[in-house]
Amino acid sequence: MIPAFGEIGEALRRSTVQIRDTRGGSGSGIVWNSTGLIVTNAHVAGRAVSATVELWDGRKFEAQVKSRDHGRDLAALSITAGQLQPATMGDSSRLRPGELVVAVGNPLGFTGALSTGVVHATGPLDGLGRRTWVQAGIRLAPGNSGGPLADAMGRVIGINTMVVSGGLALAIPVNTVQSFLSSGPTAGLGVTVRPVRLQARSGLGLLVLEVASGSPAEEASLMTGDVITGANGREFASMHDLPETIEQNAGRAMTVQFLRGGVDRKREVSVRLDRKVAV
């Protein structure tokens, strides 16, 4: 028997948590199993080793960040708590345009807010690289990130991540999340970057804001303030080009082109991508 819509919404609310990072930011997360696994976006969890998780019933716990993958924008947290109500998982590969979807999260301080819409498409989106998204016409707001996108039966088929121009909501497919949980984060440089436009060049630059200690980037002598312009001889056109190139070259050496010190002379360094760290 198909459950009533009210029952579906209530079950999703009980499987959705609010997450606050150490800097005061907040978002949503999903109770993945009864042992305390919480899944959310990496940008919601932040870069700290812990965060605060609040359950639907008001209980609060300190969560440990067990794994994060900034390339796929996913993070796995763990709490020690009883009486958890994990979400039911679906299969994002079976989604079809026109299907009804339900989103639950904590937008703008409204705990457990629910909205509905329909799937527009599944697959890549122009300007966001080749990764697959669940694209839905559904109303989301800041605070929904990391929360569940579910089908009409209440099965989670994605993690809400962002809204692009025109109000189209994007979610990471649940099958991508399952791969992250089973295999862990992909290889990475170990840098925090911000996109910048290059004045004297075409293309896009990625300004290095932070280099993780012990990372491949540090070993290759990349520094804060460097501007990464491309990899393996190909200039970047999108900020998503870097994580895609890293994924393609995992376990091998990758050549990184960059600028340093405001000098318009491109430098190059070889980086070995044999560690699973953040992008």
Pull out all pairs, ordered by first then second residue, where Cβ-Cβ is under 6 Å, the residues are six or more apart or on different chains, the first lies in region 58-72 and is touching a residue at least 12 places away in the same chain (Cβ under 8 Å) and surrounded by fewer than 21 Cβ atoms within 10 Å (Cβ to Cβ), and the second is part of a strand (DSSP E or B) and not small (Gly, Ala, Ser). PHE61/VAL53; VAL65/LEU77
Given (1) in contact with a helix residue (DSSP H, G or I) (Cβ under 6 Å, 6 or more places away or on another chain); (2) part of a strand (DSSP E or B), where does GLN85 come up short, assuming only one miss? (2)
Residue hits (region 157-207; at pLDDT below 80 and either of a type in the set (Val, Ile, Thr) or in a strand (DSSP E or B) (or both)) are THR186
Go through region 43-61 and give me each residue that's part of a loop (DSSP other than H, G, I, E, B) and among the hydrophobic types (A, V, I, L, M, F, W, C). ALA48, VAL49, LEU55, TRP56
Screening ASP69, ASP73 for residues that are at negative phi and at pLDDT below 95 leaves only ASP69
Within region 2-50, the count of residues that are at positive phi and open to solvent by 10 Å² or more (accessible area, probe 1.4 Å) comes to 1
Could we say that LEU77 is outside any loop (DSSP other than H, G, I, E, B) and not hydroxyl-bearing (Ser, Thr, Tyr) here? yes
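For every residue, the table says whether it meets (1) open to solvent by 20 Å² or more (accessible area, probe 1.4 Å); (2) among the polar types (S, T, N, Q); (3) assigned to a loop (DSSP other than H, G, I, E, B); (4) touching a Leu at 6+ places or on another chain (Cβ under 7 Å).
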site: ALA103; (1), (2), (3), (4): no, no, no, yes
site: THR111; (1), (2), (3), (4): yes, yes, yes, no
site: THR116; (1), (2), (3), (4): yes, yes, no, yes
site: ARG131; (1), (2), (3), (4): yes, no, yes, no
site: ALA136; (1), (2), (3), (4): no, no, no, yes
site: LEU140; (1), (2), (3), (4): yes, no, yes, no
site: ASN144; (1), (2), (3), (4): no, yes, yes, no
For region 215-224, which residues satisfy the criterion of being of a type outside the set (A, V, I, L, M) and open to solvent by less than 40 Å² (accessible area, probe 1.4 Å)? SER215, PRO216
In region 1-42, residue farthest from VAL174 (Cα to Cα) [restricted to those that are among the hydrophobic types (A, V, I, L, M, F, W, C) and assigned to a strand (DSSP E or B)]: ILE19
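The values are calculated or read from the model by the stated rules, or taken from the named source; none is laboratory data. Computed from a prediction, not measured in an experiment: that's the story for all the values here. Here the Cβ is made from the backbone with ideal geometry for all residues, glycine too, and neighbour counts use every protein chain on show. Surface areas here come from the heavy atoms of the whole protein model, side chains and all, with no ligands, DNA or RNA. Shrake-Rupley method; radii C 1.70, N 1.55, O 1.52, S 1.80 Å.
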